[in-house]
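Right, one structure below, let's go through it.
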Amino acid sequence: MASLPSFSSKKPPTLWLHGLAVALPLALIMPAMAGLETPLPDGTYRAERGYRHVNDSCPRSVDIPVVRISKGTISFESGESNWAGTINEQTGVVRIETAGIAPRPNAALHIRGHYTKAQLFSAICGAGHFRIYR
């Protein structure tokens, strides 16, 4: 009869304990993280937008106190403009293109990506961010 391999060791179980210490908090955090990634139900939210390269025309952070989500659409007022676009109800991905901004900007301007970490892009200001807070 063949013997089974021995997994015993004289070394302390630090690797096993370390794995457990990492896995347990992750198991508790992952459901909460999944909740953050879920699409937004219809309603009113707060958001923030801003640019990486800051100057007088390109602010680092602009608070948007009222963002409306309704039946797959998103709209808000910011920077003396009305912004309107879509939000995918299944994935939470936001798309606001230049044509959805009034008055229409002279250069390309858009928001694309998941509502927790969307990319704002301006041909004048460069790359930036847009995020909605739950």
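In nm, to one decimal, how far is the modelled label at Glu89 from the one at Ala107, with both set 7 Å along Cα→Cβ?
Once both label points are built, they end up 3.7 nm from each other.
Once you order the gyration tensor axes a ≥ b ≥ c over the Cα atoms, which shape class does region 43-133 get: rounded for a/c under 1.5, otherwise prolate or oblate by comparing a/b with b/c?
Working: a/c = 1.60, a/b = 1.46, b/c = 1.09.
Because a/c hits 1.5 or more and a/b exceeds b/c, region 43-133 counts as prolate.
Each value in this text was obtained by applying a stated rule to the coordinates, not by laboratory testing. Everything numeric here is computed off the predicted structure, so don't read it as measured data. So basically every Cβ, Gly included, is an ideal-geometry build from the backbone, and we count neighbours across all protein chains shown.
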